Amino acid sequence: MPLTDDATILVPVDVSTTEPPDQVILDLLQPVNLVVLGYYPVPKQTAPAHLKEDHEAEAAERLESIVSRFARGDHEVEDVLVFTKDRQDTIDRIADQYDCDAVFVPGETDAIDRILVPLRGDVNLERIVSLVGELVRASDATVTLFHSVPQGTDPSQGEFVLRGAADRLTEEGVDRDRIDWQLSEGGSPKRKIIDLVADYDFVVLGEGEPSLRDRILGAVLTPILAEIETPAVIVRDIE
Amino acid sequence: MSGGQLERNIGFLEAMTLGGGTMIGAGIFILPGIAAEGAGPASSVSFLIAGFVALLAALSLSELATGMPIAGGSYHYVNRALGGFFGSIVGWGMWTGLMFASGFYMIGFGQYLVEPIPFLDGRAFVVLLGLVGLSLIVGVNYYGTEESSQLQNIMIGAETVVVLAYVALGLFFIDPTNLDPFAPTGPSGIIATTGVVFVSFLGFEIIATVAGEIKDPSRNIPLTMILSVVLVTILYALVMIVTTGVLPYQAIGDSLVPVSDVAVVFAGAVGVVAIVAAAAIAAISSSNSSVLAAARVNFAMGRDDLMSDWLSVTHGRFGTPHRAIVVTGAVIALLIAVGLQVETIVALLAEVASFSFLVSYSLVHVALVVFRRADPEDYDPSFRIPDVLYPAVPVLGVILTVVVISQMAPIIIVLGLGIVGLGVGWYFVYVRDHAVDRGLIDEAIAPTTDAYRVLVPVANPDTQRGLIRLAAATARAHTDEGTPELVAVNVLQIEDPDPQQNVAAERLENQRDLLEATRDIAAEMDVQLRTVAMTGERVDGTILEAIVDEEPDQVLLGWGGTLTRQGHVFGPNLDSVVEKAPCEVTLVTLHDETIGTPVALAGPGPHSPVAARRAADFATVDGTVPTLLNVQQPMADGEAAARKRGEVVIEDVAEQAGLDPEAFEREVIVDDDIEAAILDTVNRYNTICVGLSERSAASRVMFGTIAERVSQEATSNVGIVRGSNES
């Protein structure tokens, strides 16, 4: 159980290699509870129990050293070690089991000054905004809220969504002058977001509904992730 | 931090393509020729019989696999149930069986690629192509691949579509005259053909070998095994009817590529191309699954100490069991190369593989019966063969296996028995000295003995030795009731187990550690020792569960000796066991290695006689004589009278305990301060046994003041004893 009401973010790390977490990310995740998921990828040829037998000690040690870098007094850091053939399976299961609000996706960045928050109408809006609030409240980062409406729709509707989100974010304790927004009309929202991301250091995405194809052939959390290199968090759609 | 978890990643669809895919695989493209030659149009009946035999095995295997959903398949269940001797036979049988099957698929692969090209002819080329295909498979598996179910699903899907199209179109081209005579070789020909085609039904076994990785195993394992066997059997029977119906069976019998020969009749060149492509994919994927399964069997054997660990070492970078894969591949290559010398290599490989698996499955049926009879605590299958079908399924399974094997060619029986002999030889050369598991046969033959039984929950490797020694001593004191039995229980605490997590493998690991730790103790003590590893959300609840199942006469628990005050007496894991266990309970705090001379407090408490008996039990550890101690306050009638009163109490307690008057010492102390006198005296002894005091009406654990002070202040070993709850 988390010590505070603050959000819990799942941070997956590959414990088959030694990759220390970025200082920037450590700082960013300071204000939330963490579940550090050390996953050890298992090839199809090998039973997970088999690799566990050979590598458990070493994997546990790596995970421990990573966790110790995340550790801090006021928020809880839990850790789990899993031997898995499919990290996505494991991320979904652990996120569920530990009631995580969001999942961290690593990427490359030097500093986190500009954060992009694409919004899909009311879906998950409350959860996304409150997580963004928690993350940036104590920092100087600026937040850009993004929303896209189909061609020919009354733009005031989109503006309504964005203004509401900005108001909520201000209530969360983020200065109004650190918040701006962008409304896009028509075109593919996915394309637009991917183009925009290049100018930002961090993205907060809402979890999408898996399509039927995703369900049959294995879900891709969100196709945007495949095309960006920026670190991100995916806010889970728990309802 | 708790240990690493094991994720289950194989879903329903992947399990179906793994099992069904391997079955639809190469068998369906290569075997119709051999089958038609052996039984004519009635070969469809051979497939139905083979499918039925496989279904029986799938039923038994489903129950075992949901009871123990971990890697290893049939081998593991047979090894657990019947011990290392049969474990070795099935382990080697499955390993070589998968090699033979894989060789068979790759020869078929060569045949399909070579035949349609008229100017390339000859066995050399078939063998060469088979070897090329094999090296591809071995190479890929050496370097390792991700669980890319998409590709697998698409390939198996395409292959299935081709086979379905073949059946659907072919049905319209059946010439009824071809189906007459239906069974030219008679019943024995049909049965003999069953033996050859049984190799096609290996796929469901592959589901069992990866049981540790299947999501929601209690649902998916039985469903995919049974469904894939049923669907494939129907499909195979239809393919045979089409194949022998479109062309006379004599014409197909000569063919190495029967299905494409038939397809050309009604689907022309397009049909041939489709069939060849599907056959090639099928052969590769079936062979690939076999190599994978072989490596799993190998790992499982290494895990159970039936195989050298050298073989199952994983590659430092790729994480694959590369040695097992290379060795498996090398043997398959040899088998393929034999094709240069032996013309009937395809049938030979298929039939030897069938033999090996038939032997394995008959032992699986036996294993099921053993598990049902022994009913170990950790065996709680979520799929059970329905009562109306048990024991019909295992009995019929064994009978049919014997019938099918009896109709095999002598050379196959010789080769098959050679493989069995390999397993037997391996047992004597290697397994006997390495493996610790003795199987469940003894328990299955005499599942409920009336002998005295002591249950010892163990968790801490430092103290378990001492606990087991004491428990063995108390058990040994009851030899007159039959060979006493000691049950060491280890509880792996897992909160809220997720069906997607492989908990069974962790439990097995614990079981193994427990076995190894207790093996020496069991050897030096003259008691039967069993080990049980259980998982549960709560330690106390799980121990109580074990007590209900095992019905022990006594449960002996280790206790750190610290009293907790936050709502518990002995601690959260012990209280409810002490309170609720229907049998006698002994809580032991070990301060000293020596059990030496025990003393029991012979007082007025209801559990004094049990404490006295326990002291007598403990005395047998070092061959000492126990003392019964009573302390009296001097009354007006003087010290001698008090001493007399004490002696009366001691005799009374001893009589209730059933102790031989010659077999214990008596000590009576007269003192004003009873408690102080007791504490002074007991520390002169190595071990103290004291009864719990009266239980209150609310049935909560009551810890008498004397017992409490002894437990807290004594420097000797302390046993706190509670009698049986049954009044």
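For the pair B:ASP622 and B:HIS591 in one chain, pulling the backbone fully straight at 0.36 nm per residue adds 9.5 nm over the alpha carbon distance.
Residues considered: A:LEU125, A:LEU183, A:LEU162. Largest GNM mean-square fluctuation over chain A, using C-alpha springs under 10 Å, is found at A:LEU183. Calculation over all alpha carbon pairs of region A:1-119 in 10 angstrom steps from 0 returns a P(r) of 13, 43, 34, 9, 1 percent. Rounded to the nearest 10 degrees, the angle from helix B:12-24 to the longest Cα principal axis of chain B is 50 degrees. Taking packing as the residue-averaged number of other Cβ atoms within 10 angstrom, the listed peptides B:279-288, B:302-311 run from highest to lowest as B:279-288, B:302-311. Comparing A:PHE146, A:PHE202, A:PHE160 in a Gaussian network model of chain A (Cα springs below 10 Å), the most mobile by mean-square fluctuation is A:PHE160. Inter-label distance, B:ALA158 to A:ASP110: 4.7 nm, where each label sits 7 Å from its Cα along the C-beta direction. The relative contact order of chain A comes to 22 percent, based on Cα pairs under 8 Å that sit 6 or more residues apart.
In chain B, taking the dipole from charged Cβ atoms about the Cα centre, the farthest positive-side position among B:TYR249, B:LEU363, B:GLY558 is held by B:TYR249. Using Cβ point charges alone (K and R +1, D and E -1), the dipole size of region A:114-235 about the Cα centre works out to roughly 320 debye. When the Cα atoms of region A:114-235 are aligned to their principal axes, the ranges along those axes come out at 43, 33, 25 Å in descending order.
Measuring r between the beta carbons of A:SER188 and B:PHE182 and using R0 = 60 Å, the FRET efficiency lands at 0.45. Under the 0.36 nm per residue contour assumption, what length would be gained going from the current alpha-carbon distance of B:GLU639 and B:GLU524 to full extension? Result for the pair: 36.7 nm of gain on full extension.
Under a 5 Å amide H cut-off, with hydrogens placed 1.01 Å from N, B:GLN501 pairs with B:ARG8 among residues at least 5 apart or on other chains. When the convex hull of its Cα atoms is viewed from all sides, region B:177-277 shows a mean projected area of 8.4 nm². Here the spin labels are modelled as points 7 Å beyond Cα on the Cα-Cβ line, and at B:ASP309 and B:THR483 they lie 3.1 nm apart.
Taken residue by residue and averaged, Cβ atoms of other chains lying within 10 Å of the Cβ of A:76-85 number 4. Step through the table entries A:LYS85/A:LYS192; A:LYS190/B:LYS215; A:LYS52/B:LYS215; A:LYS52/A:LYS85, compare each Cα-Cα distance with 23 Å, and write down the pairs that go over it. Too far apart for the 23 Å limit: A:LYS85/A:LYS192; A:LYS190/B:LYS215.
Put in order of Cβ neighbour count within 10 Å, fewest first, the listed residues B:PHE104, A:PHE70 become A:PHE70, B:PHE104. Normalising the Debye intensity of the protein assembly as shown to I(0), with uniform scatterers on Cα atoms only, and taking log10 at q = 0.05, 0.07, 0.11 Å⁻¹ returns -0.42, -0.75, -1.22. Over the C-alpha trace of region A:63-179, radius of gyration and Dmax come out as 17.4, 54 angstrom. Once both labels are positioned 7 Å from their Cα atoms along Cα-to-Cβ, the gap between B:VAL273 and B:ALA409 label points is 3.7 nm. The shape of region B:12-434 can be summarised by an equivalent ellipsoid whose semi-axes, obtained from the alpha carbon gyration tensor, come to 32, 24, 20 Å from longest to shortest. Beyond 29 Å, the tail of the calculated P(r) for chain A holds 30 percent of the Cα pairs.
Taking every DSSP bridge with both residues inside the protein assembly as shown, close to 10 percent are antiparallel. If you wrap region B:244-348 in the convex hull of its Cα atoms and look at it from every side, the mean projected area works out to 9.6 nm². The magnitude of the dipole of the protein assembly as shown, with charges of +1 and -1 set on the Cβ of Lys/Arg and Asp/Glu and taken from the Cα centre, is near 3260 debye. Counting only Cβ charges, +1 for Lys and Arg and -1 for Asp and Glu, the dipole size of region B:591-727 around its Cα centre is about 420 debye. Starting from a Cα-only point model with no solvent, please compute log10 I(q)/I(0) by Debye for region B:1-83 at q = 0.10 1/Å. Values, matching the q order: -0.41.
Between B:PHE173 and B:ILE234, what FRET efficiency follows from the Cβ-Cβ distance if R0 is 25 Å, with the result rounded to 0.05? Taking R0 as 25 Å, the efficiency between B:PHE173 and B:ILE234 is 0.80. Hey, how many Å between the Cα centroid of region B:1-33 and the Cα centroid of region A:149-185? Here the answer is 50 Å between Cα centres.
Counting charges near B:GLU713 (Lys, Arg +1; Asp, Glu -1) among other residues having Cβ under 13 Å from its Cβ returns a value of -2. The calculated FRET efficiency for A:ASP96 paired with B:PHE12, based on their beta-carbon distance and R0 = 25 Å, is about 0.85.
Throughout, read-outs are computed from the coordinates displayed, never taken from laboratory work. The shown structure was predicted, so the numbers you read here are calculated from the model rather than taken from an experiment. Every residue, glycine as well, gets a Cβ built from its backbone with ideal geometry; the counts of neighbours run over all protein chains shown.
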